Amino acid sequence: MKGLRFALLLLALAAPIAPAQAGQSVSLILNWTPAADHSPFYYAKSQGWYQKAGIDLSIEVGKGSGVSSLKVGSGGAPFGISDLATMLVARSKGADAVALMSIYANTGQTFYWLKSYGVNGPKDFAGRKIGNPPGDASRVMWPAFAKAAGLAPDSVSFVNVGPTAKSAALKGRIVEIISDFYNSHDIKLREFGSDLGSLNWKDIGLNSYGNSLIVNGAFLEKNPKLSEDFVRITQKAYAACVADFEPCLKALLDQVTGLDREEQLLQWGRIKYLMADEFTTTKALGWIDEGRMRKDYDLVQTYLGIEKPFAVESSFTSRLLDPAVKMDASKIEK
């Protein structure tokens with residue numbers, strides 16, 4: 001009997017020790033297909049940062065901010081990336097979504113066209129076809145742009161064009177205007193040269209917060225520590241990529257097929273510009289300012305309407321951010 005006990009003890013000692021608690025499965029739905037602006041998630045995942053915090057992260061390809069904000073707001077995914085104005089629209093319709101960290105402190109929404117099509121600015125948009133997917137933030141927010149530009153909301157027609165087919169649709173004149181993020185600006189310049197025309201929404205007075213990390217409100221309330229860990233790891237990852245993009249680019253290209261290395265490098269240069277404002281450089285990388293959020297709420301209310309009014313402070317929080325991690329403005333290319 002003693003021999004049997006001893007043998008069982010040896011077997012127990014030799015067996016691998018199971019972790020005290022397996023990582024909690026957590027999904028993140030992106031706003032679009034993976035690209036340079038999502039690379040910090042892939043980098044942090046490749047480094048095991050989420051795993052070390054007990055987070056088993058899966059990343060889901062998105063189909064627009066409208067889709068991601070609704071999926072997070074309905075509890076279909078705990079975390080997501082969404083244009084904040086689009087999230088406010090969804091929240092006014094009952095979506096339980098809360099913003100935790102800005103990625104684009106400045107709006108990335110930009111319209112592109114070819115001058116050879118007779119388009120030289122918003123005054124020439126009327127009667128034209130704009131190409132983008134149904135869930136695209138610029139399509140959701142089009143009434144705001146139209147009013148700011150002095151256009152009738154129904155003066156243009158939208159054509160469903162996938163994220164990766166926008167430039168081809170413009171080149172083939174399937175559409176005469178496309179919407180896209182400012183981070184792809186250099187890629188379009190390289191393709192279309194001096195024939196390219198563009199307007200960032202900021203230049204027409206619409207600088208709402210762009211892509212941001214959002215969370216399901218009920219999930220946040222139930223999992224405050226996990227949510228804080230997720231935010232701080234993500235914030236740390238973005239700071240690391242600002243400091244040195246090469247490891248982040250490698251992680252992205254290792255995990256996502258079909259991306260062009262040079263294009264992603266060009267995109268990241270523009271993304272760093274979009275990430276920087278007076279708050280992300282002084283308070284914390286990802287900081288969401290209450291004053292700016294109130295302006296965004298007013299913009300949505302004025303141009304789109306708030307179906308069910310809510311207190312704007314309930315739609316975001318910056319308290320989970322690490323104030324020691326700030327956006328390094330010296331890394332922005334002039």
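What follows draws every value from the coordinates through simple rules; no lab data is involved. As the structure is a computational prediction, the values presented were derived from the model and not from experiment. A quick note on method: Cβ atoms are made from the backbone with ideal geometry, for glycine too, and the neighbour counts reach across all protein chains shown.
Please express the Cα-Cα pair-distance distribution P(r) of the range 99-171 as a list of whole percents, one per 5 Å bin, running from 0 to the bin with the greatest distance.
It works out to 3, 14, 24, 25, 20, 9, 4, 1, 0, in whole percents.
Hey, can you grab everything whose amide H is under 5 Å from the amide H of Gly197? Only 5+ residues off in sequence or another chain; H modelled, so Pro and N-termini drop out.
Trp113, Leu114, Lys115
Expressed in nm², what is the orientationally averaged projection area of the convex hull enclosing the Cα positions of the range 193-233?
5.4
Tabulate in residue order the Karplus-calculated ³J(HN,Hα) for the range 61-76, using 6.51 cos²θ - 1.76 cosθ + 1.60 with θ = phi - 60°, rounded to whole Hz; enter x for Gly and Pro.
Couplings: 5, x, 9, x, 5, x, 6, 5, 5, 6, 5, 5, x, 8, x, x Hz.
For the range 100-204, give the share of DSSP beta bridges that are antiparallel, in percent and rounded to the nearest 5; count only bridges with both residues there.
Among the beta bridges of the range 100-204, antiparallel pairing accounts for roughly 60 percent.
How much net charge surrounds Lys45 when only the other residues with a Cβ under 12 Å from the Cβ of Lys45 are counted, with Lys and Arg +1 and Asp and Glu -1?
Overall, the nearby charge balance is -1.
May I ask for the Kirkwood hydrodynamic radius of the chain, worked out over all distinct Cα pairs and given in angstroms to one decimal?
20.9
Using a Förster distance of 22 angstrom, determine the FRET efficiency expected from the C-beta separation of Glu60 and Glu307, and round it to 0.05.
That gives a FRET efficiency of 0.25.
Under a crude label model (7 Å from the Cα following the beta-carbon direction), how far is Ala126 from Ile204 in nanometres?
Simple spin-label model gives 1.4 nm for this pair.
Grab the range 245-334 and count how many Lys pairs have their alpha-carbon atoms under 22 Å apart, sequence gap of 8 or more, or different chains.
Count of close lysine pairs: 11.
Under 5 Å between amide H atoms, partner at least 5 residues away or on a different chain: which partners does Phe158 have, H built in plane at 1.01 Å?
Placed amide hydrogens put Ile130 under 5 Å from Phe158.
Tell me which residues come under 5 Å, amide H to amide H, from Phe181 once H is placed; ignore anything under 5 positions away on its chain.
Long-range HN contacts for Phe181: none found.
Just the ratio, please: alpha-carbon radius of gyration of the range 160-260 over 2.2 N^0.38 Å, N its number of residues.
1.43
I'd like the antiparallel share, as a percent to the nearest 5, of DSSP beta bridges with both residues in the chain.
55
Let me check the size of the range 134-219 from its C-alpha atoms; what are the radius of gyration and Dmax in Å?
Over the range 134-219's Cα set, Rg and Dmax evaluate to 14.7, 49 Å.
Could you name the aspartates and glutamates whose alpha carbon sits less than 15 Å from that of Lys236, not counting residues in the same chain fewer than 8 places away?
List returned: Asp37, Glu228, Asp244, Asp322, Asp328.
Distance between Cα centroids, the range 259-317 to the range 158-232: provide it in whole Å.
If we compute the Cα centre of each part, the gap is 12 Å.
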